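Have a look at the structure below, then the notes.
FYI, it's all coordinate maths here, none of it is from the lab. These numbers were taken from a predicted model, which means no experiment stands behind them. Using ideal geometry, Cβ is built from the backbone for each residue, glycine included, and neighbour counts are taken over all protein chains shown.
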Amino acid sequence: MHELLYPIIVPAIAGIIPIFIPRKGKMVAGIISLAAVAWVFVRALSLFGLWELAYNVRLFTIAGIYPIDFSLRLYHFSAFILLFIMFFGLLIILYSLGFLRGKDTSSTYYTFILWTLSASAGAVLTDNLLVLLVFWEILTLLLYFLVNMGGEGHEKAAAKCFTILGFSDAAMLLGVLLIWLNYGTLSMSQLSIATGDTMGVIAFVALFIGAIAKAGAMPLHSWVPAIAVPTHPPVMAFLPAALDKLLGIYLLARLVLDIFIIQTGSALSLMMMTVGAATIIFAVMMALVQHNLKKLLSFHAVSQVGYMILGVGSGIPIAIIGGLFHMLNNAIYKGGLFLAAGAVEKRVGTTELDKLGGLAGLMPITFVTTLIAALSISGVPPFNGFVSKWLVYQGMLEGNYMIFLVAAIFGSALTLASFVKVIHSLFLGRKPDGLKDIKEVDFSMQFPMILLALLCILFGVMARLPLERFILPIVGGGAVMTANGVVETTQGLWNPGLATILIIIGIIVGLVIYALSRARTTRTDENIWIGGNIMDSEEIRIPGTHFYKTVTDDLNPVFTGAFRDGEKGAMDGYNIIGGLGGALVKVLRAMHDGILSTYLSWVVIGLGVLAFILMFH
Amino acid sequence: MQQYYPLFTAIPLAIAFVNLLITKINKRAGDYLALIATGVLAYMSIKMLFVGPFSYHVGGHLPPWGILLVSDGLSSLMLVVINVIAFLSIIFSLKYMTTYTAKPKYYSLFLLMVGGMNGVVITGDLFNLYVFLEIASIASYALVGFGCEKEELEASFKYMILGGVASTGVLFGIAFLYSITGTLNMPDMAMQLELVGINRAVAFVIALFVMGFGLKASSVPFHAWLPDAHPSAPAPISAMLSGVLIKALGVYTIMRIMFHVIGPNPLVSSIMMFLGALSMVVGGLLAIGQEDFKRMLAYSSISQIGYVMIALGLALNPGIGMMTKALAIVGALFHLVNHAVFKSLLFLCSGAVEYRTGTRDLGKLGGLIRKMPVTMTTCSIGSLSIAGLPPFNGFWSKLIIIMALLRAGYMVYGAIAILVGFITLAYFIKLQANVLFGKLPEAFSEVREAPFSMVLPLVILAILCVGLGIAYPFVETEMLRAAWDTLLDKAGFMNLLLGG
Amino acid sequence: MHDIEKEIRESKSGMTMIVKTIVRFAMGIIILFGAYIVLYGHLTPGGGFAGGVILACGYIILTLAFGKDIALRKLSDQGASIMDNSGALAFIVIGLLGYTGGYFFLNFIDHGKRFELFSGGIIPLCNIAIALKVTASLFAIFIALAIFGKFISGLVEEEE
Amino acid sequence: MVLYFLSLVLFVMGLYCLVAKKNIVKKIIGITIIEYSINLFLILIGYRRGGVAPILMKDMSVAELVERGVDPLPQALVLTSIVIGLGVLALMVGVCLRLYEKYKTFDMSEINRLRG
C-alpha cells in the first residue's frame, strides 16, 4: 500500500471496531482509537520530511468517458496540516477518555472521531477537487453525527449545522463542476484560473463559500454558536475550533495561492478582506453579550477566523503568513479554551457564566491554562496570538488597508475585554453556593490542556521555529521571494515597530473597555433593589456577564439595535431563508386542498397546454 | 434463459391465483408461496442481466402479428429493480401485514401488481403494455385502499379517478397511433413512424402520453394523487409504489416510447426538462412542510423523479453531443435504480417505526436511535443517501445528472438541481431530527427493535445504498451500460422485430 | 333437494310470483345459451367473456328474483371465489403447457378441421377457462356490491 | 368524420362531468363516458365502409374476408378495454360505497381529509 494511503485508511478501519463495542466498554474503544491515531501521528511525522510525494489511481470513468481520479499529493502545506490534524486528534481522544467516563455516550463516538480524522487526511492530501468535495461532505456528515451525540437540544443544533454546511457543500459542488466544465481538469496542482471572466469569479465565490462555511466565517458562521452548547466540549475543541479552521483556511489558501490567480487589491481580494473584517468585529461583539462559556467561545472561534481570512485574502505575503500562522495558533489556544470549558462542565455540570465563579483555587491547572490561552487569543505578548496578529497588522500596513487595520485592532481589543470578563466570572469573582467540592479534572484531561498552553508559549516566544518550519515554505518560492522582508520581519519580531504599538493600543483599549464595564457593574448593583423584590444572595452576586451591558448600552449606541436583533437571530441567514421558504411552502400546501376536482383540473389544463404547445409549435 | 422470459409475468399471475386457492386450506401457505415466487423472480431477474438482447414471440407467432416480448438492457435493468425490491417487500410483509386482516388477498394483489409491472417492462407490444399497465394500476388502487379506513379509501378513490384519466389518455394515444401506423408492435410502429414523421396527430399522441405516463410517474402538475396514495398504503406497498411502480409504469414507459417508438425530439426534450425541474422544486418544497413521515417521503419521490425526468429530457434532445447524452442517461438510470433502493428503504423504515410506535407523526416521534438502533441506522443511511451525500449512491447519480446538465449548457437547470439537492438535505435533516434524534417521548420508553423479518430487508437495502455508491464501476458496466446502449440505439430496437 | 325446491317456492324474499316463475323457466335457457356462446366462441362471435357474462347474468337474475340467500345456495361466494381463481389459473396453465412445444402460449393441440366444434386447438379451452373466471367474478362483484348496498341502505335508514 | 367528432364530443363531455360534478357517482359515470368515447373511437378506426364482420363463414374464402372484412384488431382491443373498464368500475363502485359508509356523503369536495 502506498505511503500516503495510511493516514486515510488506518483511522477508517480502526473506526469500525468501536461500533461493535457496547456502551459500557467505551474506554477500550477509546484506547484502541488512541493507539491507532498515535500510530498515524508518528507516520505523519515521518511523512513531514518527505515532501513532494504523489499517488494516483483512476477510480472509475463515468459513462466510460469522464475519468474520476483519486490522486493524492503530499507537499509542505498538506504535510503540515496533516501533522496537526493528527496531533489534535490525539489530544482530543486522550481528553475524551476522561471526559466521557460516566457519561451515557455510545462507543461510536470514537468511530466518528476516527473517521473524521480519516476524512480530514483525505481532504488535505487529495489533489482532485471532486475527491476533496467528497471528503468535505463526509466531514460535514460526521460532524452532524458528533453533534447529535450531545445533550439537550442537540437535534436542532445539528440540523442547523448540517443545513448551513450542506448549503456550502452544494455551492462547492457548483464551483467544482464549473471548473471541470470550463477548465477540463479537476487536478488542483494543474489549475491556474484567471479570475477575470464571470465563470472564474462564480467558481471562486462558490468554492470560497465552501471554505468559509467550514471555517465558520460570516455570513455562514451561525452553525458554530448553534452547536456550541449541546455538543460535547472535546468535539467543539476538535472540530469547529481546530480541525475545521485548519481545513477551511487550508482550502482558502489553496484557492488563493494555487488554484486561482488573485491580484492584490482586486475586487475579489477586497471582498475577502471585507468578509474577514466584518467577521472579526460582529462576531466578537456577539461574543461579548453571551452568558454561556461555550457559546462565548464559539463566537470567538468565529471572530478569529476573520483574521485568517483577512490575512490570506489580502494576497500580501506577510499577511498570508500571518493568517496561516493565526490558523495554527487559533487551533491551539481555542482548542485549549474549549477543553477548559469541558473541564468546567465535567466538574461543575454547567457552563453558564452566571452560575460560576471563583474556580481558580479549586481547579488551578484549568485556571492557568485558560489564562494562557485567553491572553494568547487576545494578542498579548509573549504568547502566540500576538505574533500572528502582529504579522497580519504588518501586512495591512504594507497594503495600506487602514479600515481593515482599525477593524482588526478594535476586534482584538474587544476580544481582550471579553476574556477578562471570562477569567473574572469563571475563576475569580465570588464563588456561588454549592461549588464547594469541586476537584481538578483527571490527568488525561489535564494533559492536553497543559500541552496546548505550553505550545501557546512556545510558539509565542520562539515564533521563528514554527514559522520557518511550517509556514514559510508554503508562501516561499517564486513570486514571494521578492518579499525579502519576510525573513527580516521574523528576525525583527521584538523590535518596536508600528505594529507593536498598535497591539499595545489594542490592549489598552481592551482594558479601558473592561474598566468601563466595571464602573457600570457597580451601578447595576444598586439598581437591583429598585424592583422592591427580595432577592437571595445568589442573585445579588454580580456575574461577569453583566459587563456586556456597558458595551450594548453605553459604548456603542449604534450597535444596540443590532445586538437585540442579533440575539433573536434576525441577522442569521438561516432564519431568513427558512422564513422565506416557509412562506412558499405554505402557498404550495394551500394549493393542494385535497379536492379531487382541483387535481383533475390541473391534469386537464396540463394536457391542454401540452397539446397546444406540441401541436402548434 | 430466453425461453423462460414470459415467466416473469406468468409466475406472479399464476401464484396470485394459486395463493387464493391454497390459503383456503392452509393459512400459512400464502406466506411461503409469495416468498418463493418473488424469490425465484428476483433470482431470474439477476440472471437476466447477463443475457444479451433478444426478442421472444409468444405462442410462436411471428411479429408483427403475434405478441412480441423484448429483452434488452433497459428491460433487464427494470426487471432487477422491480423483482428485487418486491422480494424484499414480501420479506418485510411477513410480519408487518399481520396487523391487517385478509393477508392472502394482500399477497394476491401484490403479485398481480408485480406481474403487471413485469409485463409492462418485458412487452414489445403497445396494447399489451396498456393491459399490463392497467393490471398493475388496478392492483395498486386496491392495495392503496387496503386498510379500508377513511384516509385509505379517500386516497384510493382519488388515485383511481386520476389514474383512470391517465389510462384513458394512454389508450386514446395508442388508438391514435394505431390509426396512423396500422400496427401495435412497437418496433414495427417505430419504423412506420419514421416514414410518417412528427405530424400534428403524432404531436397530440405525445401530449397524451406525456400526460398519461407522466401522471403514472407523478410529475408535476399530474402528481396530486401520489402524496395521498403512497402514505395511505401499507408500508411494503408504499415501498413498492414509490420505489418501483412509478418507475415501471411511468418513467420506463416514457423512456421506451419516447426513445424507441417516437424518437428523440427537441420540443419533447424541453417539455420533459421543464416538467422535471418543476417536479424537483415543487416536490422538494412541499416535502419540507410535511408533518407525516410517509407523506414527506411521498413528496420527496416527486422531487427525485424530477431528477430522472430532467436527465431523460436532456438525453432526448438530438442537438446535444453523444458524450453528454450518455452522461445524462447514465445519470437518469443510476438515479432511478438508487431511488428505488433508498426510497423503498425509507418507506420500510417508516413501516417499522409505525409497527412499533403506532404513529408516523413527526411531532410525536423522537430519539428512536436508542431504542431501534438498526432500523434507525438504516433510515439514516437511506436519508443521507437520498440527500446526495457521499459516499452513498445518491451522491453519484445526482452528481452525474448535474454534470450532464451543466455540460449541455443548461446552467439554470444545473443550479436548480444543486439547489434541490440542498432542499432534499434540509427535509431529511428535519426527518432525522424528529425521528432519530432528540428526546425520546415517555410513551415510547418500552419500544423495542423491529422483528428480524422486518430488519433484514432494511439492512440489505442499506448495504445496497452504500454498495451501489462504492461499487459504481461494477454497477455501470454490469447494469447500466447495456441499458444506455439500448436507449441510444433506436435502430437496434427496430431490428428486434426481425432478429430474435 | 326436494326441500330446497320447496323452500324456494315458499320463500318470501325477492320479487313477485310472476317474476319468479318466469325466471325459473328462463334460467335454464340462459345457462344453456351462455354455454353455447362459450363453446362455440372459436367459430362464431362470442367467446369466453361474452358467454361468461351471460352465465353470470343468469345467476344475477336469480338473485334479483329470489333474493341473495337462494342464489348463494346455488353458487356460494366461496364457490365463486374458487371458480374464479381456478378459471384464471387454468388459463395460465394452458399458456404454460405451450412449453411442451417450446413456446409460451403455443397452440400445442391439433388445430382440427375448420368450422367443426373440436378445432382451434387451445382456443376453446381458453374460452372455457375465461368463462369460468368471468362468471364467477361478475357474480362475486354483484354479490359484494349487494352486500355493501344493503349495509349502506341500513345506514341510511338509521340516519332517518 | 362526424362519428370521429362524436367520440371527441363524448370525451369532452365525460371530462366535463369528471371535473365539474361533485357527486362521486357522477364522477364515476364521467370516467365511464370517457372510456366509452375511446372505445367508440377504436371501433371507428377499424371500420370500413360496407365492410363485413371479421368472421370467417363457411361460404366465404379467406381472401374475400381480407378484402371485405373490417379490421378485427380494434374490436379485440375494445373487448379488452371493456373488460378492464369493468374491473375498474367494479372497484370504483365498491370504494364509493365504502366511502359513503365512512363519510356519510357522496360529495367529493367534502372528502378532503388528505391535503397539503
*Find which of C:Phe25, C:Leu43, C:Ala90 sits farthest along the positive direction of the dipole of the stretch C:2-159, computed with +1 on the beta-carbon of Lys and Arg, -1 on that of Asp and Glu, about the Cα centre.*
C:Leu43
*May I ask for the distance between the Cα centers of the stretch A:1-46 and the stretch D:70-109, given as a whole number of Å?*
64
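Net charge near B:His335, counting Lys/Arg +1 and Asp/Glu -1 over other residues with Cβ under 15 Å of its Cβ?
+2
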*asked:* Taking the number of other C-beta atoms within 10 Å as the exposure measure, put D:Asp71, A:Asp437, A:Asp258, A:Asp197 in order starting with the fewest.
replied: A:Asp437, A:Asp197, A:Asp258, D:Asp71
*Given a Förster distance of 56 angstrom, what is the FRET efficiency for A:Thr264 paired with D:Val2, based on the Cβ-Cβ distance and rounded to 0.05?*
0.10
*³J(HN,Hα) across the stretch B:293-298 via Karplus (A = 6.51, B = -1.76, C = 1.60, θ = phi - 60°), whole Hz, x for Gly/Pro?*
3, 6, 5, 4, 5, 5
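Taking the mean number of other Cβ atoms within 10 Å as a proxy for protection, how do you rank B:220-230, A:135-145 from highest to lowest?
Working: B:220-230: 27.7, A:135-145: 24.5.
Packing order, densest peptide first, comes out as B:220-230, A:135-145.
Nothing charged except the Cβ atoms of Lys and Arg (+1) and of Asp and Glu (-1): what's the magnitude of the dipole of the protein assembly as shown about its Cα centre? Round to the nearest 20 debye. Walk me through the numbers on the way to the answer.
Working: 90 positive and 76 negative charges, 246 e Å.
Once rounded to the nearest 20, the dipole reads 1180 debye.
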_Starting from the 7 Å offset along Cα-to-Cβ, what nm value, one decimal, do you get for the label separation of C:Ser76 and D:Ala20?_
5.1
*Helices from chain A with mean Kyte-Doolittle at least 0.0 and a Cα length along the axis of 30 Å or more, per DSSP H: which?*
A:26-49, A:76-99, A:154-183, A:267-288, A:293-314, A:317-348, A:402-426, A:498-527
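Past the 29 Å Cα-Cα mark, which pairs from C:Lys133/D:Lys104; C:Lys68/D:Lys26; B:Lys364/D:Lys21; A:Lys334/B:Lys364? Working shown, then result.
On the way: C:Lys133/D:Lys104 34 Å; C:Lys68/D:Lys26 27 Å; B:Lys364/D:Lys21 39 Å; A:Lys334/B:Lys364 39 Å.
From C:Lys133/D:Lys104; C:Lys68/D:Lys26; B:Lys364/D:Lys21; A:Lys334/B:Lys364, over 29 Å: C:Lys133/D:Lys104; B:Lys364/D:Lys21; A:Lys334/B:Lys364.
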*Per residue of chain B, what 222 nm ellipticity follows from adding -39500 (n - 2.57) for every DSSP H run with n ≥ 4, rounded to the nearest 500?*
-23500 deg cm²/dmol
_Could you give the length gained by full extension between A:Thr350 and A:Arg58, i.e. 0.36 nm per residue of separation minus their alpha carbon distance, to one decimal place?_
100.0 nm
*For the stretch A:294-400, with the dipole built from +1 on Lys and Arg beta-carbon atoms and -1 on Asp and Glu ones, taken about the Cα centre, which of A:Leu310, A:His300, A:Gly323 lies farthest toward the positive end?*
A:His300
*Helix D:2-20 sits at what angle to the longest principal axis of chain D, using alpha carbons and giving 0 to 90 degrees rounded to 10?*
10
*Tell me, what ³J(HN,Hα) does each residue in the stretch B:26-35 have, in order and in whole Hz, if you take phi through Karplus 6.51 cos²θ - 1.76 cosθ + 1.60 with θ = phi - 60° and put x for Gly and Pro?*
10, 5, 6, 4, x, 4, 5, 4, 5, 4
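Under the classification rounded if a/c is under 1.5, otherwise prolate if a/b is larger than b/c and oblate if not, where does the stretch B:51-194 fall, given a ≥ b ≥ c as square roots of the Cα gyration tensor eigenvalues? Intermediate values should be presented prior to the final figure.
On the way: a/c = 3.05, a/b = 1.60, b/c = 1.90.
Here the stretch B:51-194 falls in the oblate category.
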*Taking Cβ-Cβ under 4.7 Å as the only way to count a partner, pick out the unpartnered cysteines of chain B.*
B:Cys148, B:Cys465
*asked:* Just to be sure I understand the model, the point goes 7 Å from the Cα along the line to the Cβ. What's the resulting A:Ala194 to A:Tyr6 distance in nm?
replied: 4.4
*Starting from the Cα gyration tensor of the stretch D:2-110, take the square roots of the eigenvalues, sort them a ≥ b ≥ c, and report rounded, prolate or oblate (rounded when a/c is under 1.5, otherwise prolate if a/b is larger than b/c, else oblate).*
oblate
_Members of B:Lys103/B:Lys150; C:Lys113/D:Lys58; B:Lys103/B:Lys216; B:Lys158/D:Lys27; B:Lys371/B:Lys439; A:Lys160/A:Lys346 lying beyond 22 Å, as alpha-carbon distances in this model show_ = B:Lys103/B:Lys216; A:Lys160/A:Lys346
*Shape call, the protein assembly as shown: gyration tensor on alpha carbons, a/c limit 1.5*: prolate
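Assuming R0 = 56 Å, what is the FRET efficiency of B:Leu488 and C:Lys6, from their Cβ-Cβ distance, to the nearest 0.05?
Details: r = 76 Å, r/R0 = 1.35.
About 0.15, to the nearest 0.05.
Normalised by the residues of chain C, what does the relative contact order come to in percent, with Cα pairs under 8 Å and at least six apart? Don't skip to the end; give the middle numbers.
Working: 196 pairs, mean separation 42.7, N = 160.
27 percent.
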_Lys/Arg +1, Asp/Glu -1 at C-beta; the stretch A:120-274 dipole; positive extreme among A:Phe135, A:Leu270, A:Leu255_ = A:Leu270
*Might you report the magnitude of the Cβ-based charge dipole of chain B about its Cα centre, with Lys and Arg at +1 and Asp and Glu at -1, to the nearest 20 debye?*
680
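Report, in debye and to the nearest 20, how large the dipole of the stretch C:21-160 comes out about its Cα centre when Lys and Arg carry +1 and Asp and Glu carry -1 on their Cβ.
Values: 8 positive and 9 negative charges, 122 e Å.
Dipole of the stretch C:21-160, to the nearest 20 debye: 580 debye.
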_Defining a contact as two alpha carbons under 8 Å apart and six or more residues distant in sequence, what relative contact order in percent does chain A show?_
12
*Quick one: angle between helix B:373-386 and the longest Cα principal axis of chain B, in degrees between 0 and 90, rounded to 10, please.*
40
*asked:* Using a Förster radius of 45 Å, what is the FRET efficiency between B:Ile198 and A:Trp39 based on their Cβ-Cβ separation? Nearest 0.05, please.
replied: 0.10
_If I model a spin label at C:Leu145 and B:Asn495 as a point 7 Å from the Cα along the Cα→Cβ vector, what separation in nanometres do I get?_
5.2
